[in-house]
Amino acid sequence: MSQQYRAYLVGEDGIFRSAEAFEAASDESALTFARQFTRLGKVEVWQLGRKIAVLDSGEPLPPLPARSLKSLTRQ
């Protein structure tokens, strides 16, 4: 089952410059998808009101919180 996510491009001033809505099966797949936008700068990934991660170009994907990992193993 897919969930709704958004990837926000964050400007140097910390203000969102643009957003991309997309669907993903999990937080992990959402982060993988959102990674493509880091070529434009820092990206915040959100699932509804829950902030998943902040991505920056050249950095590895951040580890998922334990609660997310548990939900991934149940699927």
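Only the coordinates and a few stated rules stand behind these numbers; no lab work does. Since the structure is predicted, the reported quantities are computational estimates derived from the model, not experimental observations. Note that each Cβ is placed from the backbone with ideal geometry, even for glycine, and that neighbours are counted across all protein chains shown.
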Top-ranked residue of the stretch 1-31 - restricted to ones that are among the small types (Gly, Ala, Ser) and closer than 14 Å to residue 54 by Cβ, ranked as surrounded by the fewest Cβ atoms within 10 Å (Cβ to Cβ): 14
All positions within the stretch 13-47 that are of a type outside the set (A, V, I, L, M), free of Cβ contacts under 8 Å to residues at least 24 places away in the same chain and not in a strand (DSSP E or B): 13, 14, 29, 36, 38, 39
